């Protein structure tokens, strides 16, 4: 992947293939990735899409940010043996279909640009996002992807959307209730965690926290199954 130099700890892990290794350990405890249908929501520059596909998964990668999307597509071009297993959707996943407001940054100097839906509850202070540009992007729901667009329902869904996690799930209540995919979610705000807990428990999911040692007061990763 094309990464900034010098590398900080996060981008160094991206470069050497150990970033978020705990996710793959969690998945291994649940199912084999070979042949699994995985939806990578908030695909960023494609690290997880490529990693999942390299282990045999069929991946749908969702990324609305222009800078991230350009880098993701470049990484697919550089990995022709894996790219055919990845289908790119240049859209946001939200609680409704149509057009949504998106706050975007082209800063590629860290592991994440921090771009997010304007309705999200991002994890950092407002000053961090002061230079972001607001734009309109197309949006889909998890439900409409299956019922209207005919996408096969996923076995695994990874979500990293900078504080819009609850909006993603609200747009997929029917699909989640019917197909019960394994969920791997980076939660970015304590209020979002409350909403996620209410949604997931009502759907019969069991929730566990992953990588507790690196969780922060405002951010953690959960697995729901």
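Here, each number is a calculation from the coordinates, and none is a lab measurement. As the structure is a prediction and not an experimental result, all values here were calculated from the model.
Please build a GNM for the chain, connecting alpha carbons under 10 Å apart, and tell me which residue among 53, 139, 26 fluctuates the most.
Top of the fluctuation ranking is 26.
Between rounded, prolate and oblate, where does segment 95-225 land on the alpha carbon gyration tensor, with a ≥ b ≥ c its root eigenvalues, rounded for a/c under 1.5, else prolate if a/b exceeds b/c? Walk me through the numbers on the way to the answer.
On the way: a/c = 2.04, a/b = 1.21, b/c = 1.68.
The shape class here is oblate.
After finding the eigenvalues of the alpha carbon gyration tensor for segment 151-225, what semi-axes result from the square roots of 5 times each, listed largest first in whole Å?
Numbers: eigenvalues 80, 31, 26 Å².
Calculated on Cα positions only, the semi-axes equal 20, 12, 11 Å.
Taking springs between alpha-carbon atoms closer than 10 angstrom, which of 182, 194, 169 fluctuates most in the Gaussian network model of the chain?
Comparing 182, 194, 169 in the GNM, the peak value goes to 194.
In percent, what relative contact order does the chain have, based on Cα pairs under 8 Å that are 6 or more apart in sequence? Write out the running numbers ahead of the final one.
Details: 428 pairs, mean separation 40.7, N = 225.
In percent, rounded to a whole number, it is 18.
Based on DSSP, what percent of beta bridges with both residues in the chain are antiparallel, to the nearest 5?
Numbers: 19 of 38 bridges.
Of the beta bridges lying entirely in the chain, close to 50 percent run antiparallel.
When the chain is modelled as a GNM with alpha-carbon springs shorter than 10 Å, which of 65, 42, 98 fluctuates the most?
98
Is segment 80-157 best put as rounded, prolate or oblate by its Cα gyration tensor, with a ≥ b ≥ c the root eigenvalues, rounded for a/c under 1.5, and otherwise prolate when a/b is larger than b/c, oblate when not? Write out the running numbers ahead of the final one.
Numbers: a/c = 2.38, a/b = 1.49, b/c = 1.60.
Taking the square roots of the gyration eigenvalues as a ≥ b ≥ c, segment 80-157 is oblate.
Give the shape of the chain as rounded, prolate or oblate, defined through the alpha-carbon gyration tensor: a ≥ b ≥ c are the square roots of its eigenvalues, a/c under 1.5 means rounded, and otherwise the shape is prolate if a/b is larger than b/c and oblate if not.
rounded
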